[in-house]
1. FRET efficiency for Ser11 and Tyr64, Cβ-Cβ distance as r, R0 = 25 Å, nearest 0.05?
2. Leu98 to Ser35: FRET efficiency via 1/(1 + (r/R0)^6), r the Cβ-Cβ distance, R0 30 Å, to the nearest 0.05?
3. Kindly list the residues of region 3-40 that lie in the label zone of Asp105, defined by a backbone N under 15 Å from the point 7 Å along the Cα-to-C-beta vector.
4. Quick one: Karplus J couplings for region 33-47, per residue in order, coefficients 6.51, -1.76, 1.60, θ = phi - 60°, nearest Hz, x for Gly and Pro?
5. Taking Cα atoms, how many degrees apart are the long axis of helix 16-27 and the longest axis of the chain, rounded to 10 and kept between 0 and 90?
6. About the Cα centre of the chain, what is the dipole size in debye to 20, counting +1 per Lys and Arg Cβ and -1 per Asp and Glu Cβ, all else neutral?
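Read-outs throughout are calculated quantities, based only on the coordinates presented, and are distinct from any laboratory measurement. None of these values were measured; they are calculated from a predicted model. Neighbour counts run over all protein chains shown; Cβ positions are idealised from the backbone, glycine included.
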Amino acid sequence: MTHRADVYGWSEDLSLEAAAQRVAAALGVRFTARSSDYVGDYLYWWDRHRDIAIRSNVPDSEGYLTEPDHPEHRVIVYANFLQPEAFEALAAVPGLVLLDTDLIDDIGVSGDDAG
């Protein structure tokens, strides 16, 4: 089985919270605020093997962007191993732009729950 991991960027200047509200409304999920020494503040949703992380694409303390190939996108959304319907819902979110898709062969993800 092949699984999908997408990277999206926002075409407008949004806060992480505003981006999370739009994604949450499209998918019916709830994000949790998290913080890490490595990635800083971000919003996260996880269900079994599926997850979505919403992070800022701004220079860190050393001047590096999260997604240096896409500096015009200030908010980045990572969506991993979602159901096809969830990826379709993300594609319909206004302002959300697909930047990259990786297809990953069988990693043992099973089940057919949404999200």
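1. 0.70
2. Approximately 0.65, to the nearest 0.05.
3. From region 3-40, the list is 3-4.
4. Calculated HN-Hα couplings, in order: 6, 9, 9, 9, 4, 7, 10, x, 7, 7, 10, 9, 10, 9, 8 Hz.
5. In the chain, helix 16-27 runs at an angle near 20 degrees to the longest axis.
6. Rounded to the nearest 20 debye, it is 360 debye.
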